[in-house]
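**Q** This structure is in structure tokens; I'll ask about it shortly.
The values are calculated or read from the model by the stated rules, or taken from the named source; none is laboratory data. This is a predicted model, so every value here is computed, not measured. Using ideal geometry, Cβ is built from the backbone for each residue, glycine included, and neighbour counts are taken over all protein chains shown. Heavy atoms of the whole protein, side chains included, go into the accessibility calculation; ligands, DNA and RNA do not. Shrake-Rupley method; radii C 1.70, N 1.55, O 1.52, S 1.80 Å.
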Amino acid sequence: MHSPTSSNLQYPRILFSVGLACLTIFLLLAVESLAAEPKEIRLPVTRDTWLSNAGNESKGANGGASRLKLKSIQELSLIDFDFASLRGHAISRARLYLKRASDIPIDRITLSTLAADWVEGTAQNYEIVDGQSTFSHRIYPNELWNDGDITSVSLGSGGTQWHSLTPREEAEGWMVFDVPVSLVEACTAGLSHGWLIMDDTGSTWKRDGESFDFQLFPNRTVFSKDSNRANAPYLLVETTPGVAAPSPPSPTNVTWVPPTGSEPRTKLTWKTDSDSAMGCEATVDGKPLSKFFIRSTDKSPRKSPRPYAIVVDPFNPPWSWQEDHRITLVAVNRDGKRSDPVSIDWKGRPNAVPSPTAEQLRMSLVKTNELQQSKKAQDAEALWSQAESIGKSRFTWVHPLDQFVAPTAELIPSQRTDYLAKNIYWDASQGLIRLDGSRGDWIGVQLAIQSPVAPKLQWKAVLPPGWRCELYQVDYIPSGERWLPDPLMPIDTSKMSDTKVALPLSDRSPNLGAWLLELYIPDGEIPGTKGMDLQVESDGKSRTLKVEVQVRSALTPKEMRFLPEMNCYDLPANELDYYRMAHRHRVVLNRVPYFQNGRMASGLAPDMASTGWDWSKWDARFEKYFTGEAFADLPRGKVPMDCFYLPMHENWPLPINEHYNGSYWADEAFTEEYRAAWVQAVQACEAHIREKGWLQTRFHVFLNNKVDFKKRGWSRGSSPWLLDEPANFQDYLALRYFGRAFAEGLSTSVRDSNLFYRCDVSRPQWQRTTLDGLMRYNVVSQTAFRQYRRLVLDRKCADDQLVMIYGSANPLGTNNVQTLAWAWDSWLRGGDGILPWQTIGTAKSWEGPDECSLFYPNRSGDQAHAGQPIPSVRLKAYCYAQQDVERLQAALAGEQSNADIKTIDRYRWGESILQVLPLASRRAEIGGYTEDAGWSDYGAISPETMEHWRRALPVD
């Protein structure tokens with residue numbers, strides 16, 4: 001036999017090796033193929049709780065409850081999963097599974113990221129337990145959710161994102177929600193601490209003809225992790241393992257941005273590569289800064305590089321002002337990897353602006369505190385015993401907003417015993433009246449007399465050129481056994497320099513009289529002290545008094561920079577007189593042109609003919625207000641009306657019911673024809689306004705109507721939503737629908753148009769980002785402005801908004817200084833105007849106290865003032881308040897002209913003033929309204945006190 005050769009032995013070995021290699025490659029490819037297939041990971045819920053926004057429940061916790069409640073803005077839940085286990089995976093899809101624990105369907109929910117961590121706890125039934133998270137506190141009772149409640153770290157605030165989701169119903173009550181990958185990645189990166197979950201359908205209804213069955217806040221619940229494992233929420237995530245993402249590039253363009261006109265707060269800004277970075281984190285001197293302060297300034301989903309900012313807000317600063325700090329920034333990717341850090345230094349600044357104005361007010365406050373603490377008069381008799389005598393009469397001069405109640409002659413507010421003998425206006429020992437005003441101001445003083453006969457007044461010389469004089473008799477409104485002063489009956493002063501003008505006594509107060517004397521200082525007047533003589537005669541005796549007017553160098557501009565807007569819903573036939581009266585009093589009257597049932601008021605919309613829009617009648621009625629011709633002879637001259645409502649609303653230009661399909665969601669509720677007509681209406685209005693050149697008036701597109709009125713019958717209200725004072729997400733979504741149609745109709749950007757999309761919002765914390773880039777006239781309730789001021793001002797600065805603070809005028813018989821304090825407080829906190837919600841009185845306003853009657857109609861039977869509207873003392877308060885804010889702005893401008901504007905911004909300056917002045921208010925309700933706007937009660941501040949503060953402002 002032959003032995004095998006070596007070559008024969010090698011051949012099968014080679015074949016075996018090749019086969020083995022092929023098999024290995026095949027197996028590797030198979031494994032790789034299997035690995036490349038989407039992998040489904042199930043994440044059980046790790047913690048959850050539900051929070052309540054209802055009264056004292058906001059302090060309670062429910063971390064141990066077996067249910068999670070979803071009740072729109074009233075009750076919501078927090079939920080979390082083990083997102084860290086997803087790092088290293090590319091997420092392609094995510095589905096949230098919730099099982100209904102109630103029979104009420106869930107149409108939509110919102111998921112939002114959370115910019116702060118939270119404590120689940122074990123409480124149930126709204127137990128108030130220290131150390132657990134509640135609606136009001138991140139950790140009860142000592143730590144808020146940054147500057148407020150849970151909404152400050154969710155729903156678009158504090159750098160968070162949100163999405164509204166519609167479920168798919170599965171068997172046994174399970175609902176499946178497709179979750180945007182970005183929400184999962186935010187948690188995986190550590191930029192979100194789980195999710196907030198809430199119901200979007202806050203109100204439901206059924207309609208049967210005129211019958212309308214409305215239900216607010218249905219109780220929707222789902223099972224929590226504390227029910228049982230089979231019913232607990234879970235998340236299914238489809239992932240694909242990929243190459244581990246490298247650390248993202250470091251932030252770039254890190255710089256400090258000084259205050260500007262539209263953003264009067266310092267900002268730290270930078271950019272990141274959004275393709276590799278999910279977000280950013282910051283430390284201050286090595287300590288983590290809350291994610292709440294780190295916000296992207298561009299909402300585009302894939303904007304790259306993405307801009308970020310930290311706003312250094314003096315009311316809620318991210319670090320202490322006065323100390324040096326090192327701010328360090330890092331970018332974070334979806335796996336939680338951090339970039340190399342980038343640092344920038346903050347140089348310490350004074351805790352408050354070293355403001356001469358603040359120092360002047362501090363000194364004034366010492367004096368006014370002494371006056372306030374003086375012994376009060378025991379009663380009216382003791383008070384009047386100190387008044388000056390003239391014959392058998394006693395008289396005094398006091399603040400225009402002081403009130404003498406008939407028939408008792410008591411004073412509102414109460415004052416010290418010698419107040420009628422000596423106050424900031426009047427020194428009886430010298431027979432001297434002291435007034436103070438800027439050029440362009442109206443200034444006033446009130447004469448009060450206890451006398452059985454009517455007194456007389458006369459200037460002893462002709463007033464200087466350009467000065468004006470007005471005189472009013474204070475009339476009274478019955479209130480039980482008392483008569484409250486408010487209406488002001490004009491008295492002819494055209495011959496007051498030649499003859500004595502008789503001052504009539506009111507038939508409602510025969511032995512007590514009060515009269516308001518006002519002077520207008522022309523804007524061309526030379527600053528300095530002006531002397532005049534005024535003769536008073538009563539009971540056959542006369543006195544010549546000296547009047548000194550201190551004219552300040554500051555100029556109150558004819559164009560108002562702070563708007564007291566007098567909202568109303570109807571006007572008498574002589575509307576021109578009302579608009580002129582408003583203009584004269586430095587307020588703007590604005591009438592909503594339609595009613596709750598959708599009916600357009602006669603003549604307040606252009607005619608829509610088959611051949612096109614006919615503006616002829618509308619122009620003939622309103623053009624004079626937009627050119628200023630209607631006001632040419634008034635002190636402010638031909639300054640056009642500041643704002644005016646256009647007719648667009650849900651029932652115009654097309655009727656809503658013919659184009660509405662009954663959906664809760666406006667973005668799917670209307671025909672294309674309906675939306676196109678809305679867009680065309682905006683286009684037509686803008687084109688006509690531009691053609692006419694009416695560019696100084698802000699024309700408002702405003703939706704005022706409420707679903708509440710449908711409760712009386714479907715046709716009693718035209719809106720299926722709360723478009724005024726929205727509450728639920730469906731309401732805000734409806735405002736967004738109309739806002740987007742508005743923006744589409746403009747030929748310019750929203751910022752560049754003098755057409756303003758206006759919304760009245762009493763709950764800005766639930767607005768989310770629905771109106772971003774759309775709303776530029778933001779009317780917010782005074783309570784919400786105080787509570788969510790940072791949020792409101794962030795939106796104001798981002799969208800160049802005007803922020804108006806709305807409420808009610810103070811009721812008759814309360815301290816009239818409230819309006820002055822409200823205006824000061826609102827402007828110093830960043831507002832641009834104040835707005836009482838209703839201002840036009842009716843014939844019934846003469847029969848009893850009507851807080852809404854800032855303008856009275858002529859009283860029946862009064863021939864002397866036939867056809868004229870009658871101003872109120874409280875209307876005068878808005879005039880003085882507007883001028884006060886102009887003086888505040890002049891004081892700020894004076895300081896800015898002598899300092900680096902980068903170190904003095906409006907908000908820091910306002911904060912320095914608020915630290916001095918006791919402008920603390922409480923919300924008071926009048927009652928009788930579905931949603932009472934309330935009024936601000938600033939307590940014991942007297943009119944004299946605020947006059948001291950006004951005169952202390954350095955404006956010379």
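**Q** Taking loop as defined by DSSP and a crowding limit of 16 other beta carbons within 10 Å, which trypsin sites (Lys or Arg not before Pro) in segment 207-257 fit?
**A** ARG229
**Q** Which of THR529, TRP822, LEU371 sits farthest toward the positive end of the charge dipole of the chain, with +1 on the Cβ of Lys and Arg and -1 on the Cβ of Asp and Glu?
**A** Going by the Cα projections, it comes out as THR529.
**Q** Of LYS376/LYS844; LYS71/LYS710; LYS59/LYS206; LYS392/LYS456, which sit over 25 Å apart, Cα to Cα?
**A** Over 25 Å apart, Cα to Cα: LYS376/LYS844; LYS59/LYS206.
**Q** Please give the charge dipole size of the chain, origin at the Cα centre, charges +1 on K and R Cβ atoms and -1 on D and E Cβ atoms. Round to the nearest 20 debye.
**A** Result for the chain is approximately 1020 debye, rounded to the nearest 20.
**Q** Quick one: grab the alpha carbon gyration tensor of segment 641-807, order the square roots of its eigenvalues as a ≥ b ≥ c, and give me rounded if a/c is under 1.5, else prolate or oblate depending on whether a/b is larger than b/c.
**A** oblate
**Q** Further question: Please compute the contact order of segment 780-891 in relative form: average sequence separation of alpha-carbon pairs under 8 Å and at least six residues apart, divided by the residue count, as a percent.
**A** 23 percent
**Q** Follow-up. Give me the percent of DSSP beta bridges within the chain that run antiparallel, rounded to the nearest 5.
**A** So the antiparallel bridges amount to about 80 percent of the total.
**Q** Counting only other residues whose beta carbon sits under 12 Å from that of PRO954, what net charge do I get with K and R as +1, D and E as -1?
**A** +1
**Q** Tell me, what is the per residue accessible area of the chain in Å², probe radius 1.4 Å?
**A** 39 Å²
**Q** Now for a separate question. Angle between the Cα long axis of helix 672-692 and the longest principal axis of the chain, 0 to 90 degrees, nearest 10?
**A** Roughly 40 degrees, rounded to the nearest 10.
**Q** Now for a separate question. Can you show me the helix-derived [θ] at 222 nm for the chain, built from DSSP H runs with n ≥ 4 at -39,500 (n - 2.57) apiece and divided by the number of residues, rounded to the nearest 500.
**A** -6500 deg cm²/dmol
**Q** Next question. Give me the percent of accessible area attributable to carbon and sulfur for the chain, probe 1.4 angstrom.
**A** Carbon-and-sulfur percentage of accessible area, whole number: 50.
**Q** What lysines sit close enough to LYS558 to cross-link, taking a C-alpha to C-alpha distance under 21 Å and skipping anything fewer than 8 places away on the same chain?
**A** Qualifying lysines at Cα under 21 Å: LYS624, LYS638, LYS876.
**Q** A further question follows. Which value, in debye to the nearest 20, gives the size of the charge dipole of segment 39-241 about its Cα centre, when Lys and Arg are +1 and Asp and Glu are -1 at the Cβ?
**A** Details: 20 positive and 27 negative charges, 91 e Å.
Computed charge dipole of segment 39-241: roughly 440 debye.
**Q** How much net charge surrounds VAL780 when only the other residues with a Cβ under 12 Å from the Cβ of VAL780 are counted, with Lys and Arg +1 and Asp and Glu -1?
**A** Charge balance in the 12 Å sphere: +4.
**Q** For segment 301-406, what is the charge dipole size about the Cα centre, in debye to the nearest 20, if Lys and Arg each add +1 at the Cβ and Asp and Glu each add -1 at the Cβ?
**A** 620 debye
**Q** Further question on the same structure: Classify segment 358-555 from the C-alpha gyration tensor, please: rounded if a/c falls under 1.5, else prolate or oblate depending on whether a/b exceeds b/c.
**A** oblate
**Q** What do you get for the angle between helix 729-745 and the principal long axis of the chain? Use alpha-carbon atoms, 0 to 90 degrees, nearest ten.
**A** The angle comes out at about 80 degrees.
**Q** Could you tell me which of VAL176, ALA245, ALA54 has its Cα farthest along the dipole of the chain towards the positive end, charges placed at Cβ (Lys, Arg +1; Asp, Glu -1), taken about the Cα centre?
**A** Projecting each Cα onto the dipole axis, the largest value belongs to ALA245.
**Q** All other residues with a Cβ under 14 Å from the Cβ of ALA864 taken together, and with Lys, Arg as +1 and Asp, Glu as -1, what is their net charge?
**A** -3
**Q** A further question follows. Specify the angular offset, from 0 to 90 degrees and rounded to the nearest 10, of the alpha carbon long axis of helix 356-372 from the longest principal axis of the alpha carbons in the chain.
**A** Between helix and principal axis, roughly 60 degrees.
**Q** I need the phi-derived Karplus couplings for segment 220-225: 6.51 cos²θ - 1.76 cosθ + 1.60, θ = phi - 60°, integer Hz, Gly and Pro marked x.
**A** Using θ = phi - 60°, the values come out as 9, 9, 10, 6, 9, 5 Hz.
**Q** If you don't mind, another one. Going toward the positive end of the dipole of segment 65-175, with +1 on Lys and Arg Cβ and -1 on Asp and Glu Cβ, which of THR113, ALA94, SER66 do you reach last?
**A** Comparing the listed Cα positions along the dipole, ALA94 ranks first.
**Q** Where does the longest stretch of the chain lie that holds no GluC sites (Glu not before Pro) found in a DSSP loop with 15 or fewer other Cβ atoms within 10 Å?
**A** Answer - 560-846.
**Q** Same structure again: Can you run phi through the Karplus equation (6.51, -1.76, 1.60; θ = phi - 60°) for segment 390-406 and list ³J(HN,Hα) in whole Hz, with x for Gly and Pro?
**A** 8, x, 8, 9, 10, 9, 7, 10, 9, 4, x, 9, 5, 10, 9, 7, 9
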